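A quick write-up on the structure given underneath.
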Amino acid sequence: MTIDPSLPAESPNLVKGHVCLVGAGPGDPELLTVKALKALENADAVLHDTLVPETVLALAHPNALKIAVGKRAGRSSAKQADINAELIRLARKGYFVVRLKSGDPAIFGRAGEELAACRDAGVAVSVIAGVTAATAAAASLGVSLTHRDHAQRLQFVTGHSRDGTLPLNLDWAGIADPHATTALYMGARTVEQFAREAIAAGLAPDTPAIAVENVSLKDEQIWQGTLATVGNLLKAASPEGPVIVLVGRAIKA
Ligand SMILES: C[S@@+](CC[C@H](N)C(=O)[O-])C[C@H]1O[C@@H](n2cnc3c(N)ncnc32)[C@H](O)[C@@H]1O
C-alpha cells in the first residue's frame with residue numbers, strides 16, 4: 001500500500017503518523033459526523049469493529065488498508081493489546097490511522113485503553129465523537145431521554161462484565177431512581193437479571209422498558225414492554241444484532 005502524498009492534512013484530526021478514534025454512529029452512514037466522514041476519506045488504514053457495517057466502511061479512502069478487529073459476544077477477536085500494538089505500528093509508519101468504533105468511541109468502546117497506549121508510546125492520538133446507540137434509539141422511537149416531567153438523570157450502564165455476566169457492582173440505588181432514564185448497553189443476554197435486581201432495589205415493575213435491535217438500520221426491531229416483561233420479550237425473540245434497552249418513564253412520555 002502506498003500513501004498518497006496529496007491527501008490534505010487540513011485538520012489536526014487528519015495529520016499523518018497519527019491515530020484517530022472515530023465514532024461510526026449506530027450504523028446508518030447518514031449518522032456519521034462530517035468530521036468522521038472526512039477522517040474516513042483521508043485514512044491510510046482503518047481498524048474497525050464488527051458492528052461497523054460495510055456501508056460505512058465503503059466511505060473510506062479506496063486505498064485504505066481495512067482491518068477487522070471487532071469483538072462480538074461468543075466470537076473470537078483480536079486481543080486489545082494486539083489492537084493497541086497495530087495502531088502504534090501503523091502510525092509509526094507515518095499512516096493516518098482511523099480506529100473506527102460503533103457509536104461514540106468514549107462510550108463502552110475501550111477508548112481509554114487505546115488513548116493510553118498511544119500516549120505511552122508517544123504517538124499522537126485524537127477522538128471524533130459519534131452518535132451513541134442510546135440517543136439514536138431515542139430518535140428512532142421519537143422520544144426524549146430527559147423529558148423534564150419524568151427524568152432528571154440519564155445513565156448509561158453496561159450489562160456485560162469481563163466474563164459476560166451482569167456486572168455485580170452496578171449502582172442499584174441509582175438505577176432504581178424513578179426520575180432517571182437508564183440505557184442498558186450490551187444487555188440483551190442479561191436484561192432479565194438486570195430487571196430483577198432493579199425491581200428488588202425499588203424500581204416499579206411497570207416502568208416502561210423498550211429494547212431496540214439494529215438501531216438506525218433497515219432491519220431495526222423494537223420491543224415495547226415494561227421492566228417486568230422486557231426480559232421475556234427479548235428471550236422469545238433472541239435477536240442476533242446489537243440491542244440497546246431503554247428504561248424509564250420518559251421514554252413513554
Ligand atoms: C461495545 S458497546 C459499544 C457502544 C458504542 N460505543 C455506542 O456508543 O453506541 C456495544 C453495544 O452498544 C449497543 N449498540 C451499538 N450499536 C447498536 C445498534 N445499532 N443498535 C442497538 N444497539 C447498539 C448495544 O447495546 C451493543 O451491545
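Consider I199 carefully, then state whether it is more than 16 Å from the ligand (Cβ to nearest atom) and either farther than 23 Å from I107 by Cβ or in contact (Cβ under 8 Å) with a residue 24 or more places away in the chain (or both). The answer is yes for I199.
Looking at the stretch 170-253, the strands (runs of 3 or more DSSP E) lying wholly inside it that each contain 3 or more residues that are open to solvent by less than 10 Å² (accessible area, probe 1.4 Å) sit at 180-185, 208-213, 243-247. Tell me yes or no: at least one residue of the stretch 3-26 is among the polar types (S, T, N, Q) and at pLDDT 95 or above. No: the stretch 3-26 contains no residue that is among the polar types (S, T, N, Q) and at pLDDT 95 or above.
Exactly one residue out of G225, G164, G248, G174 is modelled with pLDDT under 95 and small (G, A, S), and it is G164.
What are the residues in the stretch 22-38 that are in a loop (DSSP other than H, G, I, E, B), more than 15 Å from H61 (Cβ to Cβ) and among the aliphatic types (A, V, I, L, M), if any? Listed by number, the list holds a single entry, A24. Given the conditions (1) away from the ligand (no atom under 13 Å from the Cβ); (2) out of contact with any strand residue (DSSP E or B) (no Cβ under 9 Å at 6 or more places or on another chain), report the number of the one that H150 does not fulfil. All conditions are met except number (2).
All told, D163 falls short of being of a type in the set (D, E), more than 30 Å from G94 (Cα to Cα) and touching a residue at least 40 places away in the same chain (Cβ under 8 Å). Looking across the stretch 100-124, the residues that are surrounded by 22 or more Cβ atoms within 10 Å (Cβ to Cβ) and within 17 Å of L31 (Cα to Cα) come down to L100, K101, S102, G103, D104, P105.
The values are calculated or read from the model by the stated rules, or taken from the named source; none is laboratory data. Note that the coordinates shown come from a computational prediction; the quantities given were computed from them, not determined experimentally. Reconstructed Cβ throughout: ideal geometry from the backbone, glycine too, with neighbour counts over all protein chains shown. When the accessible area is computed, the model is the full protein with side chains, heavy atoms only, and any ligands, DNA or RNA have been set aside. Shrake-Rupley method; radii C 1.70, N 1.55, O 1.52, S 1.80 Å.
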